[in-house]
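Since every read-out is calculated from the coordinates, none of them should be taken as a lab result. The structure displayed is predicted, hence computed values, not measured ones.
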């Protein structure tokens, strides 16, 4: 436990890396967001592996495999950030998919789950980037966030193509209501 409060006295604190000197270690807030991202992607990787294994549609299966690779990339990049600072990488035991190829879920439901996970990942990375005081950490999160977004858009397009997406209710157009009367 810290015995005193340390104050930021230089803008060097924001850099994270200093070419001529040492970089500062990640702070606890930064570590918590990196940990959370690694753990959620570990769980997501196992889930999406199972989804790919049981998906009936080859196009959906290919999408799931792409998501698995994206999760691996995120885990690898963020684990490296921790290891560079000699911080233990979280090891989340999340189990693994069975060898079954019979799906307990429809492709539509599995696609919807992955769509939700993409939304959670985007939100989490946005918050993690916002609260990071190390610019190099934000520079790591931003490209990953862009890749998650691109993957989510591909999923949304695939869901629309397959007829898996319901249109949400929209707001009433008051001008049309007034003009009808």
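Note on the chain: with a GNM built from Cα contacts shorter than 10 Å, the maximum mean-square fluctuation among 41, 27, 125 falls on 27.
In the frame of its principal axes, segment 49-107 has Cα extents of 43, 22, 14 Å, reported largest first. Helix 58-84 and the long axis of the chain differ in direction by around 10°, with both axes built from C-alpha atoms. Pairing the Cα long axis of helix 28-54 with the longest principal axis of the chain, what angle in degrees results, from 0 to 90 and rounded to the nearest 10? With rounding to tens, the tilt is 30 degrees. Start at zero, step by 5 Å, and the Cα-Cα distances of the chain spread as 1, 7, 14, 16, 14, 12, 10, 8, 6, 5, 4, 2, 1, 0, 0 percent across the bins.
For every helix of n ≥ 4 consecutive DSSP H residues, a contribution of -39,500 (n - 2.57) applies; sum these over the chain, divide by its total residues, and give [θ] at 222 nm rounded to the nearest 500 deg cm²/dmol.
Details: 6 runs with 118 residues, N = 181.
When only DSSP H runs of four or more count, the value is -22500 deg cm²/dmol.
Taking each pair of distinct Cα atoms in segment 93-135 once, what is the resulting Kirkwood hydrodynamic radius in Å? If you can, show how the numbers build up before the last one.
Working: mean 1/r = 0.0757 Å⁻¹.
Result for segment 93-135 stands at 13.2 Å.
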